[in-house]
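Chemist: The structure under discussion is supplied below as structure tokens; questions concerning it will follow.
The values are calculated or read from the model by the stated rules, or taken from the named source; none is laboratory data. Since the structure is predicted, the reported quantities are computational estimates derived from the model, not experimental observations. Glycine also receives a Cβ, built like all others from the backbone with ideal geometry; neighbour counts cover every protein chain displayed. Ligands, DNA and RNA are stripped out before the accessible areas are found, and what is left, the full protein with its side chains, is counted by its heavy atoms. Shrake-Rupley method; radii C 1.70, N 1.55, O 1.52, S 1.80 Å.
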Amino acid sequence: MSGVLEELSRAAGLSDIHDKVLEGRRLSFDEGLRVYRSRALMAAGALANVVRERKNGNAAYFVRNMHLNPTNVCTCDCKFCGFYRPYRSK
């Protein structure tokens with residue numbers, strides 16, 4: 001993987017940042033901006049993954065949220081919802 005990462009970074013013009021990431025050194029603001037503005041998404045993602053794996057190992061964490069999106073087609077007369085409409089047959 002290291003050879004692929006190095007090749008991706010070199011092709012994207014991020015070799016110096018690649019070296020800093022592998023050494024565990026912190027990026028400067030301007031270097032972070034270069035990665036952000038880079039169009040090489042695979043290189044940026046691979047570099048970010050190196051840092052993530054160093055910090056968390058091979059574990060990934062996810063947050064699951066549930067968002068209620070009320071509409072005006074609700075037929076339940078809830079006390080918290082202002083979108084209730086009585087059912088009318090045609």
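Chemist: Quick check: is even one residue across the range 44-63 open to solvent by 100 Å² or more (accessible area, probe 1.4 Å), at pLDDT 70 or above and in a helix (DSSP H, G or I)?
Modeler: Yes: the range 44-63 contains one or more residues that are open to solvent by 100 Å² or more (accessible area, probe 1.4 Å), at pLDDT 70 or above and in a helix (DSSP H, G or I).
Chemist: Among the residues of the range 9-24, which ones are more than 22 Å from the chain's Cα centre (by Cα) and part of a loop (DSSP other than H, G, I, E, B)?
Modeler: Gly13
Chemist: Just need a number here: residues in the range 1-25 that are within 17 Å of Glu53 (Cβ to Cβ) and among the basic types (Lys, Arg).
Modeler: Of the residues in that region, 2 qualify.
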